[in-house]
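Student: Structure provided below as structure tokens; questions to follow.
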Amino acid sequence: MRAKLILAAVIAAVIAGAYLAGYWSERGPRMEAEAQVEALRTDLAAARAQVRVGQLLGRALTLKETAMSQNYGQALDLSSAFFDEVGREAMAATDAALRDDLAGLVAKRDSVTAALAKGDPAIVNTLSEIEVRLRQAVGYPTPTRPAAAGTPSPR
């Protein structure tokens, strides 16, 4: 009877040892895989944010082109939707620099709306500034400014 008890204890110890050996040998790769998954989730969230800012840039370009064609009524409608979306994205942004940039754009809403309501053609300059800030937020190159009138262009 005692021999059976010792044999059962040895078998239980061997099974427990085999389980622990299997657990520890798989724990390392699992922890590494979980860390990679978390890094990929972070990268995915950043990529999605970049895509959303790229969409804002597309909306800003449409708004600017509409204002340039002096269709201020339609530009006013586009402006409202654009700034609503910028505000939502600013609140959802996890990157502090992006959040600050977008909040700065939201602050321009009233001046843009007023200029569009008046039909002020100078609003295109403000919309160009918005475009440049969004290009920078996405990481796109910004266009160079043409030389001022009377200034010789570099050759």
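Student: Go through (1) within 30 Å of T126 (Cβ to Cβ); (2) of a type outside the set (A, V, I, L, M); (3) outside any loop (DSSP other than H, G, I, E, B) and name the single condition T94 misses.
Tutor: Here T94 meets the rest and fails (3).
Student: Among the residues of region 55-72, which ones are assigned to a helix (DSSP H, G or I) and either out of contact with any Phe, Trp or Tyr (no Cβ under 9 Å at 6 or more places or on another chain) or β-branched (V, I, T) (or both)?
Tutor: Selection gives Q55, G58, L61, T62, K64, E65, T66, A67, M68, Y72.
Student: Would you check if A18 is at pLDDT 85 or above, out of contact with any strand residue (DSSP E or B) (no Cβ under 8 Å at 6 or more places or on another chain), aliphatic (A, V, I, L, M) and surrounded by 10 or more Cβ atoms within 10 Å (Cβ to Cβ)?
Tutor: No, not satisfied.
Student: Would it be correct to say that D101 is charged (D, E, K, R), over 17 Å from L57 (Cα atoms) and in a helix (DSSP H, G or I)?
Tutor: no
Student: Within region 21-32, how many residues turn out to be modelled with pLDDT under 90 and under 32 Å from the mean Cα position of the chain (by Cα)?
Tutor: 3
Student: Okay, next question. From the set of residues in region 81-140 that are in contact (Cβ under 8 Å) with a residue 60 or more places away in the chain and within 19 Å of the chain's Cα centre (by Cα), which is surrounded by the fewest Cβ atoms within 10 Å (Cβ to Cβ)?
Tutor: G139
Student: Does A3 count as on the phi < 0 side of the Ramachandran plot, out of contact with any Asp or Glu (no Cβ under 6 Å at 6 or more places or on another chain) and either at pLDDT below 85 or loosely packed, with under 10 Cβ neighbours inside 10 Å (or both)?
Tutor: It is true that A3 is on the phi < 0 side of the Ramachandran plot, out of contact with any Asp or Glu (no Cβ under 6 Å at 6 or more places or on another chain) and either at pLDDT below 85 or loosely packed, with under 10 Cβ neighbours inside 10 Å (or both).
Student: While we're on this one: Collect the residues in region 59-85 that are more than 15 Å from I130 (Cα to Cα) and among the polar types (S, T, N, Q), keeping them in residue-number order.
Tutor: Result: S69, Q70, N71, Q74.
Student: Take R52 and tell me if it is closer than 29 Å to V124 by Cβ, within 20 Å of the chain's Cα centre (by Cα), free of Cβ contacts under 8 Å to residues at least 12 places away in the same chain and part of a helix (DSSP H, G or I).
Tutor: no
The values are calculated or read from the model by the stated rules, or taken from the named source; none is laboratory data. All of these numbers come straight from a predicted model, not from anything done at the bench. So basically every Cβ, Gly included, is an ideal-geometry build from the backbone, and we count neighbours across all protein chains shown.
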